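Here's the structure, in structure tokens; my notes come after.
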Amino acid sequence: AALAAGSDPMAAIGAKVADYVANQRQKDLLSCLAGVFGSLGSTSSSAAFFPLTIDGESGDTPTVLSPRHVAEAKSLLGDQGEKMTAMCVHSKVYYDLVERRAIDFIYDNNGVGDANADSGSTANAFGQVAVPQFLGLRVIVRDDVQTAGSGSTTEYATYFFTQGAVASGEQLALQTETDRDILAKSDAMSIDLHYCYHPVGSRWTASDVKPNRSTLETVGNWSKVYETKNRGIVRVTNTSNMD
């Protein structure tokens, strides 16, 4: 194990656990969004955030992601539209944008220290960092977003966010315990983490205090609280030329 993971196998396991926790939390958040928006293509207006959906739900035929979608998403938020800062897309939608050369990459000073800095260096310790953007919006790529259909008819959810559109909380921060079985010559690690995500402007109406993802994705477990333009998340249904 030491040969494979370096001098500290448990530290390597801890890094894997951190990646796993981050991945599971993102899945939970996307399940919450599936619950407030409803399934792709649904024409039912019972979903809490239904007025903030574009294409499919509105009777239009979904198309590849374009500047029109960004403008329309902002227009649904009215005078709050310019607060939009980020978007989450499926990798098929992202690489469609890459192929069309629609993605801008913002670099951290090209990995070179700032000669005008009074002291120290602004060079990144982990190499050059490139942040993908589309029309000024930070692009987050996740294959756990909602999808519908298959093959060339697959449709993908694309989410647009204003800053502060999703609230999060922790009842208990990450706690790690380790133990060793000296007879089996093996180490064990367990973790505890109690947290929640919540789309701002919605209300959780179910009595379940420890919901699984299926419960989070149930439309009837969410209701709207804020006015439409004060709910800072918009969902667009897109296709991809990569299919």
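The values are calculated or read from the model by the stated rules, or taken from the named source; none is laboratory data. Computed from a predicted model, the values in this text were never measured in an experiment. Glycine gets a Cβ as well: all are built from the backbone with ideal geometry, and neighbour counts include every protein chain shown. Note: areas computed on protein heavy atoms with side chains; ligands, DNA, RNA excluded. Shrake-Rupley method; radii C 1.70, N 1.55, O 1.52, S 1.80 Å.
Taken per residue, the accessible surface of the stretch 143-199 reaches 64 Å², heavy atoms only and a 1.4 Å probe. Of the residues CYS88, CYS196, the one with the largest accessible area comes first in the ranking CYS196, CYS88, computed with a 1.4 Å probe on protein heavy atoms. The gain in end-to-end length when the THR85 to ASP19 segment is fully stretched comes to 21.3 nm, 0.36 nm per residue minus the alpha carbon separation. Shown for the chain: the carbon plus sulfur share of the solvent-accessible area, taken with all protein chains present and a 1.4 angstrom probe, equals 50%. Let me know the shape class of the chain, please: from the alpha-carbon gyration tensor, a ≥ b ≥ c as square roots of the eigenvalues, rounded when a/c is under 1.5, otherwise prolate if a/b is greater than b/c, or oblate. In terms of gyration-tensor shape, oblate. Rolled with a 1.4 Å probe across the full set of protein chains, the surface gives GLU227 an accessible area near 140 Å².
Sparsely packed loop sites in the stretch 135-243 (the trypsin sites (Lys or Arg not before Pro) outside DSSP H, G, I, E and B with at most 15 other Cβ atoms within 10 Å) comprise LYS185. For LYS210 and ILE106, a Förster radius of 45 Å and the Cβ-Cβ distance give a FRET efficiency of 0.70, rounded to the nearest 0.05. Angle of helix 67-76 to the longest C-alpha principal axis of the chain, folded into 0 to 90 degrees and rounded to 10: 80°. Counted by Cβ distance under 12 Å from VAL21, the other residues give a net charge of -1, where Lys and Arg count +1 and Asp and Glu count -1.
When nucleic acids and ligands are ignored and a 1.4 Å probe is applied, PHE105 ends up with an accessible area of around 80 Å².
A Förster radius of 30 Å combined with the Cβ-Cβ distance from SER44 to VAL64 puts the calculated FRET efficiency at roughly 0.70.
Sorting TYR94, TYR197, TYR20 on solvent-accessible area from highest to lowest, probe radius 1.4 Å, gives TYR20, TYR197, TYR94. Accessible-area rank, largest first, for MET242, MET189, MET84: MET242, MET189, MET84, with all protein chains present and a 1.4 angstrom probe. Dividing the summed -39500 (n - 2.57) terms of all DSSP H runs of n ≥ 4 by the residue count of the chain sets its mean residue ellipticity at 222 nm at -7000 deg cm²/dmol. Highest GNM mean-square fluctuation among ASP19, ASP28, ASP144, for the chain modelled with Cα contacts below 10 Å: ASP19. Largest mean-square fluctuation among PRO67, PRO199, PRO51, in a Gaussian network model of the chain whose springs join Cα atoms under 10 Å apart, belongs to PRO67. What figure, in Å² to the nearest 10, do you get for the accessible area of THR218 with a 1.4 Å probe and non-protein molecules left out? Looks like 60 Å² after rounding. Taking a ≥ b ≥ c as the square roots of the eigenvalues of the alpha-carbon gyration tensor, the stretch 36-97 is classed oblate because a/c is 1.5 or more while a/b is no larger than b/c.
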